[in-house]
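Novice: Below you will find the structure I want to go over with you.
Only the coordinates and a few stated rules stand behind these numbers; no lab work does. All of these numbers come straight from a predicted model, not from anything done at the bench. Glycine also receives a Cβ, built like all others from the backbone with ideal geometry; neighbour counts cover every protein chain displayed.
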Amino acid sequence: MRIAVIADIHGNDVALQVVLAHAAGRAVDSYVCLGDVAATGPFPVETIERVAALGCPVVMGNADEILLGDEEQETDDDFIARILEIDMWCAAALSDAHRAHIRRYSPTVSLVDGALLAFHGTPASYDEKIELDAPEEFLASALDRGARVYCGGHWHFQNLRRFADRFYVNPGSVGMSYNQTSGDALLVPLADYAIVTMDEAEFGGADFYRLPYDPAPLFDAARERDMPQLEWWLGLWSTQRSSS
C-alpha cells in the first residue's frame, strides 16, 4: 500500500494543488493529512475544502485548533502575535460548516490495521515537536503506541528516523516549507510531502518530494484579499527555489 502523507498546508492552496497533481501520477492508494490545514495563508477556505474532497483522514493540528477559537490566544512573542493576527483573519473567513468539519479532525489516526499511526506533533500533543536530532530515547518514549510506523508533522522539516524496531516519518510542510540553505528567508516555494509504502504491517520505505512552484499566485491572493501582516509575511519568503 502506498500512502501519500501531507502536512502543514497552512492555507497555501497553490502548493497543495502541486502536491496533489504530483501524487496523482504516483499510483498512491490513499492519503492522510497530518493537520494545520488552513491557518496562516490566504486560502483557508480552499484548502479545507480541497482536503475534504480527498475523503482522507485528517489529524488535528495546533493551528487547526486555533481557528476554532475555543481558547483565547495570548503571547508576548512578536512573531507569534503576527501569526495569530493572520490566523484570526483566516478564522473569520470560515463558515459554521467549515468549523464543524475541522472539529471532526482526530488527535491521531490509525491506519493499516494499526501498523501506522498518524499525528501532528506527537501522539500525546499537537504542540510537541520531534526535532531532526531528537534523541533515540525520546523517540522510543514518545512513539510507543504499538505501531510500526509513526507519521508526524508540525516541525516543517522532512525526516526519516529508525529507532528500535520502529520508524518515524515527517513529510515536511506542503505550504510553509522552511529554508534549508543559506540566506535570511524563513520560507521557500517548495511543496513537501512523502509517500510511505507499507507491505502489510511492515515498513516498505518512504519517498520524499520537494516540488518547486511559482509563488506569484499565492502572493497575489494575499494582496487581493487584504491579508493582515502582508508585508511582514511576504518578507518571510525567498523567491529563490532550491531542492536542497
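Novice: Between THR75 and ASP165, what length comes free when the chain is fully extended (0.36 nm per residue of separation minus the Cα-Cα distance, one decimal in nm)?
Specialist: Contour length minus the Cα-Cα distance gives 28.4 nm.
Novice: With the convex hull built on the Cα atoms of the stretch 1-112, state its orientation-averaged projected area in nm².
Specialist: Values: hull surface 28.7 nm².
That works out to 7.2 nm².
Novice: Right, another one. What is the calculated FRET efficiency for LEU68 to ASP144, with r their C-beta to C-beta distance and R₀ = 35 Å, to the nearest 0.05?
Specialist: Approximately 0.75, to the nearest 0.05.
Novice: To the nearest 500 deg cm²/dmol, what mean residue ellipticity at 222 nm is calculated for the chain from DSSP H runs of n ≥ 4 alone, each contributing -39,500 (n - 2.57), summed and divided by the residues?
Specialist: Calculated from helices alone, the mean residue ellipticity at 222 nm is -9000 deg cm²/dmol.
Novice: Grab the other residues whose beta carbon is less than 15 angstrom from that of ASP220, score K and R as +1, D and E as -1, and report the net. Kindly include the intermediate steps, with their values, before the conclusion.
Specialist: Details: positive: ARG223, ARG225; negative: ASP13, GLU46, ASP214, GLU224, ASP226, GLU231.
For residues surrounding ASP220, the net value is -4.
Novice: Using Cβ counts within 10 Å as a stand-in for footprinting exposure, how do VAL28, VAL14 rank, fewest first?
Specialist: In order of increasing Cβ crowding within 10 Å: VAL28, VAL14.
Novice: Let me ask something additional. List the chymotrypsin sites (Phe, Trp or Tyr not before Pro) within the stretch 1-102 that DSSP assigns to loop and that have no more than 12 neighbouring Cβ atoms inside 10 Å.
Specialist: Loop-located and lightly packed - none at all.
Novice: Would you please give the residues with an amide H less than 5 Å from that of SER30, counting only those at least 5 places away or on a separate chain, with H modeled from the backbone geometry?
Specialist: Amide H neighbours of SER30: ARG2, ALA4.
Novice: Can I ask one more? Where does each of ILE86, ILE9, ILE80 land when they are ranked from fewest to most other beta-carbon atoms within 10 angstrom?
Specialist: Ordered from fewest to most neighbouring Cβ atoms within 10 Å, ILE86, ILE9, ILE80 come out as ILE80, ILE86, ILE9.
Novice: Something else about it: Compute the length gained on full extension between ASP220 and SER106: take 0.36 nm times their separation in residues and subtract their Cα-Cα distance, giving the result in nm to one decimal.
Specialist: On the way: separation 114, 0.36 × 114 = 41.04 nm, distance 3.27 nm.
Additional length available on full extension: 37.8 nm.
Novice: Output ³J(HN,Hα) for the stretch 224-231: one whole-Hz value per residue in order, computed from phi by the Karplus curve 6.51 cos²θ - 1.76 cosθ + 1.60 with θ = phi - 60°, and x for Gly and Pro.
Specialist: 5, 9, 6, 4, x, 6, 4, 5
Novice: Out of the stretch 25-112, which GluC sites (Glu not before Pro) are coil in DSSP terms and have no more than 14 other C-beta atoms within 10 Å?
Specialist: When the GluC sites (Glu not before Pro) of the stretch 25-112 are filtered for loop state and at most 14 Cβ neighbours within 10 Å, GLU71, GLU72, GLU74 remain.
Novice: If you wrap a convex hull around the C-alpha atoms of the stretch 2-235 and split its volume per residue, what is the figure in Å³?
Specialist: Measuring per residue, one finds 125 Å³ for the Cα hull of the stretch 2-235.
Novice: Further, regarding this structure: List, in order, the whole-Hz ³J(HN,Hα) value for each residue of the stretch 48-56 obtained from phi through the Karplus relation with A = 6.51, B = -1.76, C = 1.60 and θ = phi - 60°; use x for Gly and Pro.
Specialist: Working through the residues one at a time gives 4, 5, 5, 5, 4, 5, 5, x, 9 Hz.
Novice: Using 0.36 nm times the number of residues separating LYS129 and ARG50, minus their current alpha carbon distance, what extension gain do you get?
Specialist: Using 0.36 nm per residue and subtracting the Cα-Cα distance, I get 25.8 nm.
Novice: If you take every DSSP beta bridge fully contained in the chain, what fraction is antiparallel? Give it as a percent rounded to 5.
Specialist: Among the beta bridges of the chain, antiparallel pairing accounts for roughly 65 percent.
Novice: Among the trypsin sites (Lys or Arg not before Pro) within the stretch 104-164, which fall in a DSSP loop and have no more than 11 other Cβ atoms within 10 Å of their own Cβ?
Specialist: ARG104
Novice: Further question on the same structure: In nm, to one decimal, how far is the modelled label at TRP232 from the one at MET88, with both set 7 Å along Cα→Cβ?
Specialist: Distance between the two pseudo-spin positions: 1.2 nm.
Novice: Moving to a separate point now. Among HIS120, HIS98, HIS156, whose mean-square fluctuation peaks in a Gaussian network model of the chain (Cα, cutoff 10 Å)?
Specialist: Between HIS120, HIS98, HIS156, it is HIS98 that shows the largest mean-square fluctuation.
Novice: Can you tell which of PRO228, PRO42, PRO135 shows the greatest fluctuation in a Gaussian network model of the chain with Cα springs below 10 Å?
Specialist: PRO135
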